[in-house]
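The values are calculated or read from the model by the stated rules, or taken from the named source; none is laboratory data. Keep in mind that this is a model prediction, so the values were computed, not measured. Here the Cβ positions follow ideal geometry from the backbone for every residue, glycine too, while neighbour counts run over all protein chains shown. The accessibility values were calculated without ligands, DNA or RNA, using every heavy atom of the protein model including side chains. Shrake-Rupley method; radii C 1.70, N 1.55, O 1.52, S 1.80 Å.
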Amino acid sequence: MASYNVPALAKLIDKFESLPGIGSKTAQRLAYFVLNMSDSQAADFAKAITDAHEKIKYCSVCCNFSQEDMCPICKNDARDKSVICVVESPRDAMAIESTKEFSGTYHVLHGAISPLNNIGPDDIYIKELLARLGDDTVKEVIMATNATVEGEATAMYISRILKPLGIKTTRLAYGLPVGSDLEYSDEVTLARALEGRNEL
């Protein structure tokens, strides 16, 4: 039987398959779904991707995603600026925010220390976190890195830096499953983990 190959379709499937968590069958379904869109729907879809790349940047304070110099949380005067919750990714900040239990601010590291992957402290946004601690406003830093080897190493590294500064450093309680990512945890588990955090 002759092979059936449409180059543009094959490339679209490859692009979907390159996304995390997307296998070949799902990639095919998504590609065919896109092909069945109207021209205007497809254009809107493509524009949403290019707009996100062009308009979204890092907040100048917390390094979370933002369309302006400062994100809405950092600009919000009602947030408790004395508490910073340190997370690995913007998805983790969104997961904690969805609990509606946290009124402080965030700091997004955009990764975790991982010597095996050649990711050291200078490769993530630790210096930007330390720059926020110079005016005695911050009283507590909550380490909400993932419950993985890399997340633990990052939490311990940052806590050792913060101890001499006299800033209370806490860690999310282990209501979170070890080896899992924050973004996949439910709101109740995250809320309990926040309530039961311990000092490092």
Looking at this model, which pairs from Lys25/Lys57; Lys57/Lys81; Lys75/Lys127; Lys15/Lys100; Lys100/Lys168 are more than 27 angstrom apart at the alpha-carbon?
Lys25/Lys57; Lys15/Lys100
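Rounded to the nearest 20 Debye, what is the dipole magnitude of the stretch 44-88 about its Cα centre when Lys and Arg each give +1 and Asp and Glu each give -1 at the C-beta?
Using Cβ point charges on Lys, Arg, Asp and Glu, the stretch 44-88 gives about 80 debye.
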Multiply the residue gap between Ala42 and Glu199 by 0.36 nm, knock off their C-alpha separation, and tell me the result in nm, one decimal place.
51.5 nm
Here P(r) for the stretch 4-94, Cα-Cα distances in 5 Å bins, as whole percents, is 3, 11, 14, 17, 13, 11, 11, 9, 6, 3, 1, 0, 0
Compare Val83, Val141, Val149 by solvent-accessible area with a 1.4 Å probe and give them largest first, with all protein chains kept in place.
Val149, Val83, Val141
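Nothing charged except the Cβ atoms of Lys and Arg (+1) and of Asp and Glu (-1): what's the magnitude of the dipole of the chain about its Cα centre? Round to the nearest 20 debye.
120 debye
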For the stretch 145-171 and the stretch 1-76, what is the separation of their C-alpha centers, rounded to whole Å?
34 Å
Square roots of 5 times each gyration tensor eigenvalue, C-alpha, the chain, largest first, Å
38, 20, 16
Computed helical MRE - 222 nm, the chain, DSSP H runs ≥ 4 contributing -39500 (n - 2.57), nearest 500:
-12000 deg cm²/dmol
Provide the gained length on full extension for the span Phe33 to Gln67, in nm with one decimal, where the gain is 0.36 nm per separating residue minus the Cα-Cα distance.
9.3 nm
Multiply the residue separation of Arg79 and Ala131 by 0.36 nm, subtract the distance between their alpha-carbon atoms, and state the gained length in nm to one decimal.
16.8 nm
Can you give the accessible area of Ile96 in Å² (nearest 10), computed on protein heavy atoms with a 1.4 Å probe?
0 Å²
Which sequence of Val188, Val138 reflects their accessible areas, 1.4 Å probe, from the largest down?
Val188, Val138
Measuring with a 1.4 Å probe in the full set of protein chains, what accessible area per residue, in whole Å², belongs to the chain?
61 Å²
Less than 15 Å Cβ to Cβ from Glu97, Lys/Arg counted +1 and Asp/Glu -1: what total charge do the surrounding residues give?
-3
